[in-house]
Amino acid sequence: MKLSVLGASGGIGRHVVTLALADGHQVTAAVRDPARLAVRHDNLTVVRADALDAVSVKEVIAGSQAVLSGIGAAGRKDPLRPASTSARAALEAMASTGVRRILTVSAGPLNRTGAGQPFASRSVFGPLLWAVLRDVYTDLARMERILRDSDVDWTVVRPPRLLNSPGTGTYRHLVEAGPVGASITRADAARAMLDFVTMPETFRHAVGISA
């Protein structure tokens, strides 16, 4: 497939790029600073772009079969609201290019119903994380609403605590719920995103993942 990756130099984005290339896909990687993406491959095109700007995103995704976004907040008080702002930009760009498929990264605590979660995660750790990371999660919730209100084939991927350990290539996932695991590597989160690209049961759903 021809895939476009937004936030390609980020923690999950760079793994999406590496794994997609290993799978044989053609990848266009959008980054603010190309020097930050230390990947070279015949099937990789690196483009300097602003994922928060629809015109810039349009140039990146034209001709792609799917967009995978690893865009997230730079800190607890990121004033740019990057998750929701980039979602709006991507949808506007998709509308003008005919791209129908988008996958984005959210977070496990956005599973506010607690479906699939043990009592401690549902009743203790989830509310605690919301108290500490309210601005980040509010932006992610806004992103999810923007996608749900669209007419594209979106998937929101909700990982728990992200680790920098080597990936295992395996993960658990539940549609509109959360697996019991409390963590997952960034590499395995990227693996899940790529697998979900062609998994119809994930279309127009939030999918919880964990190790």
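The values are calculated or read from the model by the stated rules, or taken from the named source; none is laboratory data. Since the structure is predicted, the reported quantities are computational estimates derived from the model, not experimental observations. Every residue, glycine among them, receives a Cβ derived from its backbone with ideal geometry; neighbour counts consider all protein chains shown. For the accessible areas, the whole protein counts, side chains as well, though only heavy atoms, and no ligand, DNA or RNA atoms are used. Shrake-Rupley method; radii C 1.70, N 1.55, O 1.52, S 1.80 Å.
Would you check which residues across the range 145-185 are farther than 19 Å from Asn111 by Cα, touching a residue at least 60 places away in the same chain (Cβ under 8 Å) and open to solvent by 30 Å² or more (accessible area, probe 1.4 Å) and list them?
Those that are farther than 19 Å from Asn111 by Cα, touching a residue at least 60 places away in the same chain (Cβ under 8 Å) and open to solvent by 30 Å² or more (accessible area, probe 1.4 Å): Asn164, Gly167.
Collect the residues in the range 167-211 that are within 22 Å of Gly10 (Cα to Cα) and at pLDDT below 95, keeping them in residue-number order.
Looking only at the range 167-211, we keep the residues that are within 22 Å of Gly10 (Cα to Cα), and these are 167-171, 182-197, 206-211.
The answer is Ala182, and nothing else.
Select from the range 50-71 the residues that are surrounded by 18 or more Cβ atoms within 10 Å (Cβ to Cβ) and part of a loop (DSSP other than H, G, I, E, B) and list them in ascending order.
Ala51, Leu52, Ser64, Gly70, Ile71
For the subset of the range 72-114 comprising residues that are modelled with pLDDT under 85 and either small (Gly, Ala, Ser) or outside any loop (DSSP other than H, G, I, E, B) (or both), which member is surrounded by the fewest Cβ atoms within 10 Å (Cβ to Cβ)?
By that ranking, first place goes to Gly75.
Against the condition within 14 Å of the chain's Cα centre (by Cα), among the acidic types (Asp, Glu), surrounded by fewer than 24 Cβ atoms within 10 Å (Cβ to Cβ) and closer than 20 Å to Arg100 by Cα, how does Glu201 come out, does it pass?
On the way: within 14 Å of the chain's Cα centre (by Cα): no; among the acidic types (Asp, Glu): yes; surrounded by fewer than 24 Cβ atoms within 10 Å (Cβ to Cβ): yes; closer than 20 Å to Arg100 by Cα: yes.
When the stated conditions are applied, Glu201 does not pass them.
So for the range 120-142 (the condition being in a loop (DSSP other than H, G, I, E, B) and in contact with a strand residue (DSSP E or B) (Cβ under 8 Å, 6 or more places away or on another chain)), does at least one residue qualify?
Narrowing the range 120-142 to residues in a loop (DSSP other than H, G, I, E, B): 133.
Subsequent filtering for residues that are in contact with a strand residue (DSSP E or B) (Cβ under 8 Å, 6 or more places away or on another chain) retains none.
Looking for residues that are in a loop (DSSP other than H, G, I, E, B) and in contact with a strand residue (DSSP E or B) (Cβ under 8 Å, 6 or more places away or on another chain), one finds none in the range 120-142, hence no.
Pick from the range 18-49 the residues that are open to solvent by less than 60 Å² (accessible area, probe 1.4 Å) and assigned to a helix (DSSP H, G or I): which of them is nearest to Ser86 (Cα to Cα)? Full working, then the answer.
Let us first name the residues in the range 18-49 that are open to solvent by less than 60 Å² (accessible area, probe 1.4 Å), namely 19-21, 24-25, 27-31, 34, 37, 39, 43-44, 46-47, 49.
After this cut, where a residue has to be assigned to a helix (DSSP H, G or I) as well, the list is 19-21, 34.
Details: Leu19: 23, Ala20: 21, Leu21: 24, Pro34: 19 Å.
The extreme case among them is Pro34.
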